[in-house]
Amino acid sequence: RPLRADSSHPTQDNAAMPTGYAFIAAFVLCALLHLTTFAVVGTAFRIPVREMTLGFGPQLIRLGRVRIRLLPLGGSVRFKDLSEDALTEDDLLGALDTQPLWMQLVLALSGGTMLLVVALALLQLEALPTFIHGFAQIVLGALSPAGDAQTFLAQAHQAILQWPFTMLLGSVAAKFAAFNLLPLPATNGGQALAFIGRKLGLARTWPAQLTQLLMLAYLALVLSWAAALLMYIAHR
């Protein structure tokens, strides 16, 4: 859902910042806030953080348990869990898998919630419509990379050119939150559903093939948007 822009020309905030850099800065800030929130909440719950990774691809820097990679497109936070080898009985108490369901859900949804709070602070009344429309835009764009996705990308391009950085940051935060709450294996929404499924005992009867299909759906969504972006750039 496009927000109203006050001018057909770049604002003073974005005029001093090259077009692509404004979006990249907003995306990196959202990714960093998203990951940091997980680490802070997990630490508050006394669940040890094993590693936090910002971005994908070749590693650029490693600072203790923090890794920074070449492409700042998301990232991950790895907590102590039962998949680790040589955990003692005492260690199990701090593993993510052994925590109460409410704690697991709070942790899984904390990053997206923080992004939504940022969107509300920056966009105010426009934040919730921007967030809610984000779900449909993400799915419809993936299903129609040469159609709907091109429309959404054109709207995003105009936003980068016209909006002040604070409005752009709020919109990216809202869309980022929507993406991470999709019910897919690699997202926070999918992780929350997995925690609920384990608590209800569904993990024993859940077909592994279905998880693989959902992961393929996630990859298809990401690749479809990547193709849409390449098409948009090629036609500019």
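Miscellaneous remarks
Yes/no per residue for (1) touching a Leu at 6+ places or on another chain (Cβ under 7 Å); (2) among the acidic types (Asp, Glu):
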{"position": "Arg78", "(1), (2)": "no, no"}
{"position": "Asp97", "(1), (2)": "yes, yes"}
{"position": "Leu120", "(1), (2)": "no, no"}
{"position": "Met167", "(1), (2)": "yes, no"}
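- Of all residues in the stretch 174-199 being open to solvent by 80 Å² or more (accessible area, probe 1.4 Å) and at pLDDT below 90, the one that is farthest from Arg78 (Cα to Cα): Lys199
- Residue selected from the stretch 223-233 under the condition open to solvent by 60 Å² or more (accessible area, probe 1.4 Å) and either free of Cβ contacts under 8 Å to residues at least 12 places away in the same chain or of a type in the set (Ser, Thr, Tyr) (or both), by the criterion nearest to Gly141 (Cα to Cα): Leu223
- Of all residues in the stretch 171-206, those satisfying the criterion of being of a type in the set (Gly, Ala, Ser) and at negative phi are Ser171, Ala173, Ala174, Ala177, Ala178, Ala186, Gly189, Gly190, Ala192, Ala194, Gly197, Ala203.
The values are calculated or read from the model by the stated rules, or taken from the named source; none is laboratory data. Since this is a predicted model, take the numbers as computed values, not measurements. In this analysis, Cβ positions are derived from the backbone assuming ideal geometry, glycine residues included, and neighbour counts consider all displayed protein chains. Ligands, DNA and RNA are stripped out before the accessible areas are found, and what is left, the full protein with its side chains, is counted by its heavy atoms. Shrake-Rupley method; radii C 1.70, N 1.55, O 1.52, S 1.80 Å.
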